[in-house]
Amino acid sequence: SVFIITFVGYRSIIMIQESHIDAALKEQIFIIGEKLTIRRFVIVEGAVSTYEIRTGKYPSSIDDLAKEMDGQKGLLDASALTDKWGTKYSFKNEGGGYFEIRSAGPDTAMNTADDIFNSKCKAAARQ
């Protein structure tokens, strides 16, 4: 009887520790994904600025950055338009020369608490 209680107690402690490690690991994975996404934003923001310089306007969607322009290949490869979790970024023209690029984050649903987005950026040509 004591052996079973000790065994059950031991298993409970292991389960608690595993869930604690699991939560910590998930948090670290999120942080790494967030940092990678923010670094990718810099590339996408540069492409948005280049697009605006070439065309005099912002792209109508994030996909415009991968489309052929004036007989030249797109500014970015289509794979650069997705976040670490495989969801395509969204692009929003905020007006006044500002824009937002948004990642859905690990839940892959836009406009939820775990979204990652740039602060309102302004194209280089307008700064």
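The values are calculated or read from the model by the stated rules, or taken from the named source; none is laboratory data. Everything quoted here is computed from the prediction, not taken from an experiment. Backbone-built Cβ (ideal geometry, glycine too); neighbour counts: all protein chains shown. To get the accessible areas, we keep the full protein, side chains included, count just its heavy atoms, and leave off ligands, DNA and RNA. Shrake-Rupley method; radii C 1.70, N 1.55, O 1.52, S 1.80 Å.
Numbers for the structure displayed
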quantity	calculated
The range 64-78, subset modelled with pLDDT of 90 or more and not in a loop (DSSP other than H, G, I, E, B), residue least open to solvent (accessible area, probe 1.4 Å)	Leu65
Subset of the range 109-127 that is at pLDDT 90 or above, touching a Ser or Thr at 6+ places or on another chain (Cβ under 8 Å) and part of a loop (DSSP other than H, G, I, E, B) - its residue that is surrounded by the fewest Cβ atoms within 10 Å (Cβ to Cβ)	Met110
Residue within the range 80-88 that is modelled with pLDDT of 90 or more, within 25 Å of Thr112 (Cβ to Cβ), among the aromatic types (Phe, Trp, Tyr) and open to solvent by 20 Å² or more (accessible area, probe 1.4 Å) present	no
Pick from the range 89-108, criterion in a loop (DSSP other than H, G, I, E, B) and either open to solvent by less than 40 Å² (accessible area, probe 1.4 Å) or in contact with a Lys or Arg (Cβ under 8 Å, 6 or more places away or on another chain) (or both), ranking: farthest from Ser60 (Cα to Cα)	Gly105
Positions within the range 43-63 being open to solvent by less than 20 Å² (accessible area, probe 1.4 Å), assigned to a helix (DSSP H, G or I) and not polar (S, T, N, Q), in sequence order	Val44, Ala47, Val48, Glu52, Ile62
